[in-house]
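The values are calculated or read from the model by the stated rules, or taken from the named source; none is laboratory data. These numbers come from a predicted model, not from an experiment. Cβ placement follows ideal geometry from the backbone for every residue including glycine, while neighbour counts extend to all protein chains displayed. Only protein heavy atoms, including side chains, enter the accessible area calculation; ligands, DNA and RNA are left aside. Shrake-Rupley method; radii C 1.70, N 1.55, O 1.52, S 1.80 Å.
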Amino acid sequence: MMEAQRKLVPEMMELMQERYRILKFVKMAGPIGRRPLGQMTGLSERETRTMMDLLRGQNLIQIAKEGASITVDGMNVLQALETSMEDWSGRTSIAKKMTQFLGIQSVKVVAGNCDSDDTSKNLLGMEAAKQFSAKIGKGKVVAVTGGSTIASIPPQIEKFSDAKNLLFIAARGGVGDVIGLQANVIAASFAEASGGTYSTFYYPESLSEEAHEAFRKEPSVLKMLELYEATDCVLHGIGDAQTMATMRNTPPEEQRMIRDRGAKGEAFGYYFDENGNVVHRLRTVGIQTEHLAEIPLIISVAGGSGKAEAILAYMASAPKQTILVTDEGAATEMLKMLVAK
């Protein structure tokens, strides 16, 4: 039916897609004012006002002093149209092809490109939150990494009944100087958003071998190592190798070594070449690659066409139970690279 409508009245499908997208943004960011909604959707203030009036007239959104928010009818419409809209956009087809190429559990593709569209990162967070809430099941321990992409997930998580049994922990030590993007802070955000608990772990990413060995004997580290062994879920980002090396203030000679060894992607402090081989790793306490094979649920979240090569480098050796949440920009570029091989 949807395909027949598209052929007969193609402009109707484009209008439906636009209204669906706006409704999705209201759900994600509401309550939200007209101006920020227009900035998110790329519409003029007049176009945004017209669209909001139309959606309110259909009782899909409600508008109060603090802004627009989605109604129960709006939620039902989003849920009913989701599969059709994803199919029509072509993202479902892209996701299926990517899943086959990568040999992992599944790939989820959201609209846009994080490199040029700030709202795409929020959509990544929304989809990752959806996958996590649906699949965590009876999980107990959840390890999360730092970074802006993983930080976009907690605001999209709604409290659910089983969350009180969840313990959120940092998957590894800190990276960079932005405190809000550290794994400890993000773990606390997950706990607050979902209704779970969290445990902090402070461990510098750069230590001498002697300091590292001494630190590993500390009671807090031993406790965290036990938690890593019991981890049921990992939510993590994927970084560009050179960008991550720079963010860590890696010495120039070490950065050259990472580059010369062909490192393309980074995750958990491991640097991967295009074939998924580890070419360098940091000396730190955290989730190790040998842990991943035993963890039931792994959600990798990364987007932007500029990260396509980095994502593929990590995915070349990613565990089969991995769910990749990415955007159209990255997925389209990755497909080009995979087909060209």
- Query: Where only protein heavy atoms count, and the probe is 1.4 Å, what is the accessible area per residue for region 23-162 in Å²?
  - Reply: 50
- Efficiency of FRET from Cβ geometry, residue 115 and residue 80, R₀ 45 Å, rounded to 0.05: 0.90
- Under the Karplus relation 6.51 cos²θ - 1.76 cosθ + 1.60, θ = phi - 60°, what is the ordered set of whole-Hz ³J(HN,Hα) values for region 232-245, x standing for Gly and Pro? 9, 8, 10, 10, 9, x, 10, x, 5, 4, 5, 4, 5, 4
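For region 227-330, what is the accessible area per residue in Å², given a 1.4 Å probe and the full set of protein chains?
Details: 3810 Å² over 104 residues.
The answer is 37 Å² per residue.
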- Message: If R₀ is 22 angstrom, what is the calculated FRET efficiency for the pair residue 12 and residue 64, using the beta carbon separation as r and rounding to 0.05?
- Response: 0.10
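Please find the FRET efficiency linking residue 243 to residue 290, where r is the Cβ-Cβ separation and R0 is fixed at 30 Å, and quote it to the nearest 0.05.
The computed FRET efficiency comes out at 0.70.
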- Pairwise label distance in nanometres, residue 257 with residue 100, each label 7 Å out on the Cα-Cβ vector: 4.2
- Item | Residue (of 292, 279, 114) at the positive-pole extreme of the chain, dipole from beta-carbon charges | 114
- Message: Is there a quick way to get the dipole size of region 36-189? I mean about its Cα centre, with the Cβ of Lys and Arg at +1 and of Asp and Glu at -1; what is the value in debye to the nearest 20?
- Response: 600
- Which of 86, 290, 158 moves the most in a Gaussian network model of the chain with Cα springs under 10 Å? 290
- Gain in length, residue 277 to residue 340, computed as 0.36 nm per residue apart minus the alpha-carbon separation, to one decimal in nm? 20.7 nm
- For residue 135 and residue 200, extending 7 Å from Cα along the Cα-Cβ vector and measuring point to point gives, in nm, a value of 3.1
- Note on the structure: Rounded to a whole %, the carbon-and-sulfur portion of the accessible area of the chain at a 1.4 Å probe is 51
- Cα centroid of region 232-272 to Cα centroid of region 25-78, whole Å: 40
- The size of the Cβ-based charge dipole (Lys, Arg +1; Asp, Glu -1) of the chain about the Cα centre, to the nearest 20 debye, is 620
- Message: Mean Kyte-Doolittle hydropathy of 0.5 or higher plus an axial Cα length of 15 Å or more: which whole DSSP H helices in the chain meet both?
- Response: 183-194, 328-340
- So who's got an amide H within less than 5 Å of the one on residue 141, skipping anything under 5 residues away but keeping other chains? H placed 1.01 Å off N, in plane. 167, 232, 233
- Out of these labelled values of Rg and Dmax of the Cα atoms in Å, (i) 19.8, 62; (ii) 26.5, 93; (iii) 21.1, 71, which was calculated from the coordinates shown here? (iii)
